[in-house]
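A short write-up of the structure that comes next.
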Amino acid sequence: MRYLTPGPVQIPKQVVEAFGRQPHFHKLEEFKEVFKEVTEKLSKVTTGDPIIIPGTGTLAVDAMVYNFIDPGDKVIALSYGEFSERLIESLECRGAEVFRLSVGVGKVPHPDVVEDFAKKVGSVAAIALVHNETGAGTCNRYLSKLRGVADSLGALLLIDSVSGIPAEPIDCVVDVIATSSQKAFIAPPGAAILYLNSKPRAKHTMPRSINLNKFLKSIKEWDTPYTPPINVIYALDASLSYILRIGLSNYHEMHKMKAEYLYSRISLKSIADEPFRSYTVAAFFTDKVDGIVNLLKSKGFVISRGVGEIKDRSIRIGVMGEVSLDDIKRVVEIVNDYVGK
Ligand SMILES: Cc1ncc(COP(=O)(O)O)c(C=O)c1O
């Protein structure tokens, strides 16, 4: 099977091998050395202090929300798909007063619209958004402009980039980025990853599992507040070496090239408008969801149906991981033969 999925993705062989070894006891120097190395490699991907927590993207997003937002804080949340809604769910659980800005699935609001909206709300604590909306194959490429909007409001910029970095670049300093190991980091699931460019500011309590101050304190000794996802850290060591060897800008281009082939050749309408089509997960409308997913599976290719509101009328094809242009060409051929060109 070839996994052209939104994640977990097709993982390089050396990453699978790194994952499959006897875990060190995490209090040993031997583990600390690997942990330090992985943290240093993560630092090369984007700005901010990286933190690894046992968990997946959902936990990374909750940790971001609970460490930076207090009950009653006003938050502007952009919404353009299922994972935007899950981010809002987390904010609402925390007790934030959420002001949702939505311009429809597959569309991204212009920063001027965000600024006007936020000014009307007033006293905004944060702007929160999904960088790469996996549910609709939509990438918000206004990050640096939104950084400017957040600065003009004195607000934080909080970003879910679970299916974005390191394949979709982040071109500005973001207060917090929440991501995870199993998508563009091409490792198995199990590590929630955060990049902090601001200190946790929430005063309200939270459980140890997501308390970033505890992680920041223990990392000074290359320690963790509780058992880390040891084998995922080994896998990340191998996947980060692979990514950094390719080089970040080549890594971005690789994804863009594969995704653009899909968008230009497949006989389906993409959910996202140009120039917001994702280069990690392409999403298309179709009324033949089961037919396409099942046919591709019978030919050895796993793709995903949609998610959330559009789950019965869309499919998603991931280009992350060890997916070649030949794999993509074959998938396009099979889909186009099936739907009729
Ligand atoms: C943008 C985004 N945010 C959050 C999540 C949740 O991540 P996980 O399923 O790893 O918990 C996903 C998962 O697909 C996602 O794509």
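The values are calculated or read from the model by the stated rules, or taken from the named source; none is laboratory data. The structure displayed is predicted, hence computed values, not measured ones. Note that we place each Cβ from the backbone using ideal geometry, even for glycine, and neighbour counts take in every protein chain shown.
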field: Members of the range 322-341 that are at pLDDT 95 or above and either among the charged types (D, E, K, R) or within 14 Å of the ligand (Cβ to nearest atom) (or both)
entry: GLU322, ASP326, ASP327, LYS329, ARG330, GLU333, ASP337
statement: Being farther than 28 Å from SER181 by Cβ and touching a strand residue (DSSP E or B) at 6+ places or on another chain (Cβ under 9 Å) narrows ASP312, ASP287 down to just ASP312
task: For the range 282-322, name all the residues that are part of a loop (DSSP other than H, G, I, E, B) and among the polar types (S, T, N, Q).
output: THR286
query: Taking into account only those residues within the range 178-207 that are of a type in the set (Ser, Thr, Tyr) and buried (at least 18 other Cβ atoms within 10 Å of the Cβ), which is farthest from the ligand (Cβ to nearest atom)?
result: TYR195
query: Tally time: how many residues in the range 135-158 are within 10 Å of the ligand (Cβ to nearest atom) and closer than 26 Å to ALA202 by Cβ?
result: 0
message: Given the criteria in contact with a Lys or Arg (Cβ under 9 Å, 6 or more places away or on another chain) and either within 15 Å of the ligand (Cβ to nearest atom) or in a strand (DSSP E or B) (or both), does TYR279 qualify?
response: yes
query: Of all residues in the range 51-101, how many are closer than 22 Å to ARG208 by Cβ and of a type in the set (Phe, Trp, Tyr)?
result: 2
message: For the structure I just gave you, tell me whether SER218 is in contact with a Ser or Thr (Cβ under 6 Å, 6 or more places away or on another chain), assigned by TED's automatic domain parsing to the domain that holds SER84 and over 30 Å from GLY308 (Cα atoms).
response: yes
